[in-house]
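The values are calculated or read from the model by the stated rules, or taken from the named source; none is laboratory data. Remember, it's a predicted structure, so these values are computed and weren't measured experimentally. A quick note on method: Cβ atoms are made from the backbone with ideal geometry, for glycine too, and the neighbour counts reach across all protein chains shown. Keep in mind that these areas ignore ligands, DNA and RNA; they rest on the heavy atoms of the full protein, side chains included. Shrake-Rupley method; radii C 1.70, N 1.55, O 1.52, S 1.80 Å.
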Amino acid sequence: MGRGKIEIKRIENSSNRQVTYSKRRNGIIKKAKEITVLCDAQVSLVVFASSGKMHEYCSPSTPLIDILDKYHKQSGKRLWDAKHENLSNEMDRVKKENDNMQIELRRLRGEDITSLNYKELMALEEALENGLTGVREKQSELMKMMRTNERMMEEENKRLNYELYQKEMVAMGDGVDNGYNQRMRDFNSQMPFAFRVQPIQPNLQERNN
C-alpha cells in the first residue's frame, strides 16, 4: 500500500515545523550537490529559515558572483541598482590604482624593472632623484630646526644660571650684613653704656653728604 498524499500547508506545530524544515533543507541541498556532480550543472542555492538563519550551497567550480552575473544577463532582471553598480565600479578603480601603486613601489625599490624600456627607466631615475632631493631638503630643514632649538636652550640655560648666581650673591650679601650687625650687638652688650660703639653706616653718611 502506497503512502498517502501529504497536504502541502503550513505546519502549525513549531517543533514539527522545525524538524520538517531541517529534513527538507538537507534533502534539497543534497539534490543540488547531486545535480552538480551528475550533470556538470552550475547550481546556487540559498535558503532562509523562519528564524532568519541562512543556509547556502554553490557549485564548487563556479563562484557565486559568476552565477549571479549569468542570471542578471539572461533574465534581464536588475539585481543591483545604479548606486551599487557605481560602488562596484569605484571599488574596481581603487583596486586597480592600488595594484599600480604596488608595482610602482616595487620598481622604486629596484624590483621588477627588467620589463621596462629605456624611457621608462629614465622616468624612474628622475622620480628617484626628485624623491632624493626632497628627502635631503627635508633633512636640511630638520637640522636647521635642531640647531635653532639647541641655541635657544643654551641661551635659556645661561639666563637661568645668571639669575641663580644673582640670587646667591644677594643671599650671601644679606648673610654678611646680618653677621656684622649681630657681632656689634654682642660687643655693645658687654660694654658700659657710655662706651658702647655705635654701628657705622657709611652708606647713610654718603647719602647725607
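Quick notes
- Hits in the range 106-136 - residues which are in a helix (DSSP H, G or I) and exposed (fewer than 10 other Cβ atoms within 10 Å of the Cβ): Tyr118, Lys119
- Test: residue in the range 3-12 that is exposed (fewer than 12 other Cβ atoms within 10 Å of the Cβ), at positive phi, part of a loop (DSSP other than H, G, I, E, B) and not β-branched (Val, Ile, Thr): no
- Scope the range 37-75; condition assigned to a loop (DSSP other than H, G, I, E, B) and open to solvent by less than 40 Å² (accessible area, probe 1.4 Å); matching residues: Ala41, Val43, Ala49, Ser59, Thr62
- Taken across the range 55-67, residues that are in contact with a Phe, Trp or Tyr (Cβ under 9 Å, 6 or more places away or on another chain) and not polar (S, T, N, Q) do occur, with at least one present.
- Candidates Glu97, Glu85 - the one that is modelled with pLDDT of 85 or more, under 37 Å from the mean Cα position of the chain (by Cα) and acidic (Asp, Glu): Glu97
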